[in-house]
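Throughout, read-outs are computed from the coordinates displayed, never taken from laboratory work. What you are looking at is a predicted structure, and each value in this text was computed from that prediction instead of being measured. So basically every Cβ, Gly included, is an ideal-geometry build from the backbone, and we count neighbours across all protein chains shown.
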Amino acid sequence: MIGDLGLLALRLVLGLVFLGHGAQKAFGAFGGPASAARAASWPAWASSRPASGPPWPLSASCLAGALVLVGLLMPVGAALIVATMAVAIAKVHGPKGFFSQNGGYEYNLVLLVAALTLAATGPGAYSLDHLLSR
């Protein structure tokens, strides 16, 4: 029971972080720079950038946050978070070192490991996966 409450707390925080961050960058919510993020985050290999709509990486962040928040399709939500954080570490934060005050990957690593933990343990009893007996 107490373990399920811990998993619920982890899911709520991680899900809200990804929902908020993704919405901030993709849609300009919470004072976020949507248009700058849209241009900067679109893959370099893409031949053309979309005229409107959020780029897929930021949409994936929102989807991952929503799935983890409610505990639905936990392996999918956790995998999206792990992939997002791995790319963020490799492309943006890794070259800046470990500590976040220097722009490093410290925080991203914590989010990645939290998602791995949820993938390994499952979402717990207080989740839609449990309710739907997945």
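Rounded to whole Hz and in sequence order, give me ³J(HN,Hα) for region 114-123 from the Karplus expression 6.51 cos²θ - 1.76 cosθ + 1.60, θ = phi - 60°, writing x for Gly and Pro.
Whole-Hz 3J(HN,Hα) from phi for region 114-123: 4, 5, 4, 4, 5, 5, 6, 9, x, x.
Tabulate in residue order the Karplus-calculated ³J(HN,Hα) for region 2-17, using 6.51 cos²θ - 1.76 cosθ + 1.60 with θ = phi - 60°, rounded to whole Hz; enter x for Gly and Pro.
Using θ = phi - 60°, the values come out as 5, x, 5, 5, x, 5, 4, 4, 4, 4, 4, 5, 5, x, 5, 4 Hz.
If you average the sequence gap of Cα pairs under 8 Å that are 6 or more apart and divide by the length of region 64-115, what percent do you get for the contact order?
In percent, rounded to a whole number, it is 29.
K91 to L132: FRET efficiency via 1/(1 + (r/R0)^6), r the Cβ-Cβ distance, R0 30 Å, to the nearest 0.05?
Taking R0 as 30 Å, the efficiency between K91 and L132 is 0.25.
Given a Förster distance of 22 angstrom, what is the FRET efficiency for A120 paired with A29, based on the Cβ-Cβ distance and rounded to 0.05?
0.10
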